[in-house]
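Note sheet for the following structure.
The values are calculated or read from the model by the stated rules, or taken from the named source; none is laboratory data. Since the structure is predicted, the reported quantities are computational estimates derived from the model, not experimental observations. Glycine also receives a Cβ, built like all others from the backbone with ideal geometry; neighbour counts cover every protein chain displayed.
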Amino acid sequence: MKKNMESDKKTDVPENSILPTRSTIVRSNKNDGSIELVFSPDDLEVRADLFPPIGSGEPITNDYVRSLLEKCNIVYGIDWDTLGRVMMECNLNRKCIRDVIIARGDAPADEITEYFEINPHLREGMGASSRGAVNPAGQGGRIDYRAYSPFFIVKQGQVLARIRPRKTGREGKNVHGAAIPYQVIEPEGVTGGENTRFDGKFILSGINGQLLENDGVLSVNNSLVIKGPVGYGTGNIIFPGDVIIDGPVSDGFKIYSGGSVTIKQTFDVTDANIRGDLCVAGGIIGRGRGLVKVGGILRTKFIENCRVACRKSVIVDSEIINSRVFTMENLEMGDKGMILGGDIYAIQGVRTGSVGKKRSKASRIHCGIDFTLQQEKEKNNNLLRILTAKITRLRELLANEDPPEQNPPEKRARIEELLHRIEKEREKTAARISELMGAINVCYDAVVEISGEVLPGTLIEICQIALFVTETLRRVRIRLDRANGKLVRENL
């Protein structure tokens, strides 16, 4: 052998079981053909380099190969077809052939224990959230980073993880015929935590909320807590439960919540739709285009240049400036509250400190009416005016005495048919307006109380009966005298 045979004899392994890394059997004549073997570290594979005979040297023979394999204890996975082919090629063409796999064992198959694997789609989504924003506009579109959110939201009943059954292990065998034991692998799966449930082979979300993973435990949080501001770092906030925001909300970002929202600083609103209550410690700024819809109570320091619609009461500490505020209950502002311009629609009434300011826009207060029906009535009034204009125009066309060739009978028939259809629509619209007129007034006990001053130019309306203030009023309560059909003033 080219490998030191004396070192092989020093081991405790019998000579027939020698497992060399590289081995060559050399004939007595150095010009004879020979083979050098290379074993893989785990003895699962044997590669051979074949060297042809030189001059009158002996070729590589089958006896030579068997002797080599026996010497190296290669007894399993021998590829005799490949060996025969490369031997012939080496001997006939008198060229070296290298790196030929002549024997290959069987690798063991590891046993994998049963575990819960997180839903791959969720893993991809959570990974994208942690890596950064994607392009919501698609390939080649403009990226709207406000549509990116680092929070991963799941729905009730959504699959969070699924069980991976146990995979049975299998022993392997190396080229020496020795068994290779398999390993038992216990993957780091996930378990269900708060607001999750097990359903057979799945872990499901028990509620709508934010999915969190902490040390392999999946949980769904029914509230979203944002420690800083809302901006490009958070994107738009769209969450099915309660939202708590420690910092301010920047202009241009939307907030949609299926619960209540608490904002501990200023709310620079663009678009907000909140099913529960809204509490803003720093005030609401709308910049003339902001829209806030609240399904519960609204509490804030001030409202400025904004449109607010609220199903329950609106409570404002200081000012409402050039805004339109709609509430199905009361507007409560206290003795320091000021209404400076804009429109207030409060079904049950208004309590504030003062209304109006010199050189500011006029303020208008509407109470006792269902503003949703009022808006529908205004919409139908606009439609009625459009329909009336169309009817007038069609009647003018019919009254035109053009010659028959310019105004044929079939054209007049089409105009008459259209006129009839529009007249029917106008009648229907007028009937709806009449119906709304009788339903708009919903709270005859509504009261407007001002503990300070009401400046001239202010309009106060209760159940569609108006009072236009022409001189300053102080500490006054205004209510409806339904019997006489007018508004009366009472000193506080």
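What to note about this one:
- Scan of segment 216-269 for residues that are without any contact (Cβ under 8 Å) to a residue 60 or more places away in the chain, of a type outside the set (A, V, I, L, M, F, W, C) and assigned to a strand (DSSP E or B), ordered by number: Ser219, Asn221, Ser223, Asp242, Tyr256, Ser257, Thr262, Asp268
- One residue alone among Ser323, Ser318, Ser313 is within 24 Å of Tyr444 (Cα to Cα) and among the hydroxyl-bearing types (Ser, Thr, Tyr), and that residue is Ser313.
- Residue that is nearest to the chain's Cα centre (by Cα), among those in segment 87-117 that are of a type in the set (A, V, I, L, M) and farther than 18 Å from Leu37 by Cα: Ile112
- Within segment 147-177, the only residue that satisfies the criterion of being in contact with a Leu (Cβ under 7 Å, 6 or more places away or on another chain) and at positive phi is Gly157.
- Pairing each residue of segment 465-478 that is outside the structural domain of Lys358 (by TED's automatic domain parsing) with any residue that is basic (Lys, Arg), provided the two are 6+ apart or on different chains, yields no C-beta distance under 9 Å.
- If the condition is being surrounded by 18 or more Cβ atoms within 10 Å (Cβ to Cβ) and either in a loop (DSSP other than H, G, I, E, B) or not assigned by TED's automatic domain parsing to the domain that holds Ile339 (or both), then segment 297-312 contributes Ile297, Phe302.
- Selection status of Gly276, within 19 Å of Gln210 (Cα to Cα) and in contact with a Gly (Cβ under 8 Å, 6 or more places away or on another chain): yes
- Residue check, Lys264 within 24 Å of Val350 (Cα to Cα), surrounded by fewer than 19 Cβ atoms within 10 Å (Cβ to Cβ) and not assigned by TED's automatic domain parsing to the domain that holds Arg123: no
- Scanning segment 342-382 for residues that are in a helix (DSSP H, G or I) and surrounded by fewer than 16 Cβ atoms within 10 Å (Cβ to Cβ) yields Thr372, Gln375, Glu378, Lys379, Asn381, Asn382.
- Some residue of segment 141-153 being modelled with pLDDT of 90 or more, assigned to a strand (DSSP E or B), not polar (S, T, N, Q) and not assigned by TED's automatic domain parsing to the domain that holds Ile74: no
- Residue match in segment 330-341 (condition: more than 33 Å from the chain's Cα centre (by Cα), outside any strand (DSSP E or B), farther than 18 Å from Ala272 by Cβ and of a type in the set (Lys, Arg)): yes
- Inside segment 29-82, residues that are charged (D, E, K, R), closer than 16 Å to Gly177 by Cβ and under 59 Å from the mean Cα position of the chain (by Cα) make up a count of 4.
- Qualifying residue in segment 66-76 (condition: within 17 Å of Asn174 (Cβ to Cβ) and of a type in the set (Lys, Arg)): yes
- Every residue from segment 77-95 that is outside any helix (DSSP H, G or I) and in contact with a strand residue (DSSP E or B) (Cβ under 6 Å, 6 or more places away or on another chain): Gly77, Ile78, Asp79
- Screening Ile386, Ile478, Ile462 for residues that are hydrophobic (A, V, I, L, M, F, W, C), surrounded by 17 or more Cβ atoms within 10 Å (Cβ to Cβ) and under 46 Å from the mean Cα position of the chain (by Cα) leaves exactly one candidate, Ile462.
- Counting the residues of segment 218-237 that are crowded, with 20+ Cβ neighbours inside 10 Å and touching a Pro at 6+ places or on another chain (Cβ under 6 Å) gives 0.
- Unique residue being in a loop (DSSP other than H, G, I, E, B) and buried (at least 17 other Cβ atoms within 10 Å of the Cβ) when the list is Ile74, Ile54: Ile74
- Any hit, segment 280-295, residues being surrounded by 17 or more Cβ atoms within 10 Å (Cβ to Cβ), closer than 30 Å to His121 by Cβ and among the aliphatic types (A, V, I, L, M): no
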